[in-house]
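The values are calculated or read from the model by the stated rules, or taken from the named source; none is laboratory data. What you see is a predicted model; the values in this text were computed from it and never measured. Quick reminder, even Gly has a Cβ in these numbers, built from the backbone with ideal geometry, and neighbours come from all protein chains shown.
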Amino acid sequence: MFALMQTLYISLQNKSLFITHKKIKAMTTQELKELKAKLPNGALTAIAKESGLEISLISRVLNGHNPMFDKKAKVINAVAEYLEGMQDAENKATVRAKAVLNRNLQTA
């Protein structure tokens with residue numbers, strides 16, 4: 001009964017909608033270490049400040065130690081949010097820099 005895939009049937013105003021729910025496995029120790037490897041120097045401190053979590057907790061989780069589930073989830077979310085923010089900032093900076101280059105090329 002606890003299959004990996006569960007299908008729920010919902011009837012909304014004579015229309016049928018099928019929702020598929022896939023059980024997501026926990027991150028492996030290897031995946032956590034890969035996530036940590038993507039972090040730049042000083043990232044653990046920045047994540048700790050932004051999330052209110054302790055640096056040691058973040059480090060332990062990313063090294064594969066298993067604290068209580070809710071803390072592990074908070075750490076993983078905080079790290080993902082930090083990486084997404086870094087990526088967004090880099091993308092915005094790239095767009096701005098290319099716009100400046102294009103303006104300079106057009107005026108030259």
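Here is how the numbers come out for the structure above:
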| read-out | value |
| --- | --- |
| Positions within the stretch 66-108 being of a type in the set (D, E) and loosely packed, with under 12 Cβ neighbours inside 10 Å, in sequence order | D70, E84, D88, E90 |
| A73 vs. criteria among the small types (G, A, S) and closer than 16 Å to L32 by Cβ | yes |
| From the options K71, K22, K92, residue that is among the charged types (D, E, K, R) and at pLDDT below 90 | K22 |
